[in-house]
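To keep things clear, I will list the structure first and then write my remarks on it.
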Amino acid sequence: RSTQGVSSAASDVYKRQTQDENAAHQLHPGVDAHDTQLTYNLGPALLQLMAPDHDGPTAYVPVSTDTADEALATVNGIYARDAVVRQLREALKILRDAEPRSVVTFGGECSVSVAPFSHLASVYGDSLAVLWIDAHSDTGVPGDTYTGFRSMALATLAGEGDAGIIAELPALIPPANILQVGLRHWDDEGIAVKERLGIQTAGMTGTPRDNRRVLEWIAGTGAQQLAVHIDLDVIDRRDFTGSVGQNTDGMRMSDVVSLVNDAAAAADIVGLSLTEHIPTELMRLGGLLRDLPV
């Protein structure tokens, strides 16, 4: 199977403006909030270095690092909306020109799945189902307290949110064809939207029964193809600390691998996204390099 790789980074680039905004985006102690947002592009670059060889082309979505006030303006309830739309269009153009039937995406934050999953929905229609493996619901909408588009990614794919952005997408994914796995932040603002849309959830405890529930759900949709989104913050920090996840109640890495491999036996995985890789120690090292006379 030929795989088209689309490597992207954060669409909600961040500039420190007020102490309140800094606090809201302070994802890692000892790492400046501004640096945390702007260096989302470091994570996918490292993932690509470690990725296995593949027989398809690789493309890159240019990511804005413009920190001028006007570039980062919150418009229609979305932070840096102009950059979000520009980068989404670029990703969709890459996909439109290449016409891949399978896509691997290294991000960046969660909204990097919007373009490839929408493209795959245009290819496979209702035969495509989505496993959204994430600690957060990502079903926020404009008007929520948090304005980063990453928190709105899944709602956008389901057709809920900014009408202008949704109009850019070649296809949407029916909520009945979406299963959230590993969700543990039930206090997110997006939960109300998730429940109104009827998006189902599978909690994971690492047992074979959990995997069976997911496989039964796939069978119930009738889907022949799967797109799998993995936000690395779903992983228990005992196994992985290079994301925003700070708790020990997440999925173990071996359970994520087991689930995806089982799902691959039930349907053809045509989309796979890895997101939210934040290499904290390298970011701290980058700060040191900036401060040294090099």
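The values are calculated or read from the model by the stated rules, or taken from the named source; none is laboratory data. Predicted, not measured: the structure shown is a model, and the values here were computed from it. Because the Cβ atoms are built from the backbone with ideal geometry, glycine has one as well, and the counts that use them run over all protein chains shown. Calculation scope for accessible area: heavy atoms of the full protein, side chains included, ligands and nucleic acids excluded. Shrake-Rupley method; radii C 1.70, N 1.55, O 1.52, S 1.80 Å.
Every residue, every condition in (1) under 24 Å from ASP268 (Cα atoms); (2) open to solvent by less than 30 Å² (accessible area, probe 1.4 Å), yes or no:
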| site | (1), (2) |
| --- | --- |
| ARG96 | yes, no |
| VAL112 | yes, yes |
| SER127 | yes, no |
| ALA167 | no, no |
For this session: Check off (1) at pLDDT 85 or above; (2) part of a loop (DSSP other than H, G, I, E, B) for ARG96 and give me the number that stays unchecked.
Result: (2)
For this session: Any residue in region 231-246 that's at pLDDT below 75: show its pairings with residues that are open to solvent by 50 Å² or more (accessible area, probe 1.4 Å) at Cβ separation under 8 Å, as long as the two are six or more apart or on different chains.
Result: GLY245/ARG237; GLN246/ARG237
Problem set entry | Among the residues listed as GLY198, GLY161, the single one being surrounded by 20 or more Cβ atoms within 10 Å (Cβ to Cβ), touching a Pro at 6+ places or on another chain (Cβ under 8 Å) and free of Cβ contacts under 8 Å to residues at least 24 places away in the same chain | GLY161
Problem set entry | Where GLY287 falls short, out of the listed (1) over 19 Å from VAL104 (Cα atoms); (2) open to solvent by 20 Å² or more (accessible area, probe 1.4 Å); (3) of a type outside the set (Val, Ile, Thr) | (2)
Problem set entry | Selection count where residues are open to solvent by 10 Å² or more (accessible area, probe 1.4 Å) and either free of Cβ contacts under 8 Å to residues at least 60 places away in the same chain or under 12 Å from the mean Cα position of the chain (by Cα) (or both), scope region 139-158 | 4
Seminar exercise, completed: Subset of region 201-225, residues open to solvent by less than 70 Å² (accessible area, probe 1.4 Å), at pLDDT 95 or above and charged (D, E, K, R), comes to none
Seminar exercise, completed: Counted residues in region 85-104 being under 18 Å from GLY148 (Cβ atoms) and touching a helix residue (DSSP H, G or I) at 6+ places or on another chain (Cβ under 7 Å) come to 3
For this session: Looking only at region 194-234, count how many residues are in contact with a Ser or Thr (Cβ under 9 Å, 6 or more places away or on another chain), polar (S, T, N, Q) and closer than 16 Å to SER137 by Cα.
Result: 1
For this session: Could you grab me the full set of residues in region 82-100 that are touching a His at 6+ places or on another chain (Cβ under 9 Å) and aliphatic (A, V, I, L, M)?
Result: ALA91, LEU92, LEU95
For this session: Mind listing whichever residues of region 182-195 are modelled with pLDDT of 95 or more and open to solvent by 20 Å² or more (accessible area, probe 1.4 Å)?
Result: ALA192, GLU195
For this session: Being within 22 Å of ALA171 (Cβ to Cβ) and surrounded by fewer than 18 Cβ atoms within 10 Å (Cβ to Cβ) is the filter here, so list the residues in region 79-89 that pass it.
Result: ARG86, ARG89
For this session: Could you please let me know if ASP236 is touching a Lys or Arg at 6+ places or on another chain (Cβ under 6 Å) and either farther than 23 Å from GLY108 by Cα or not aliphatic (A, V, I, L, M) (or both)?
Result: yes
For this session: Output the residues belonging to region 56-78 that are open to solvent by 20 Å² or more (accessible area, probe 1.4 Å) and outside any loop (DSSP other than H, G, I, E, B).
Result: THR58, TYR60, VAL75
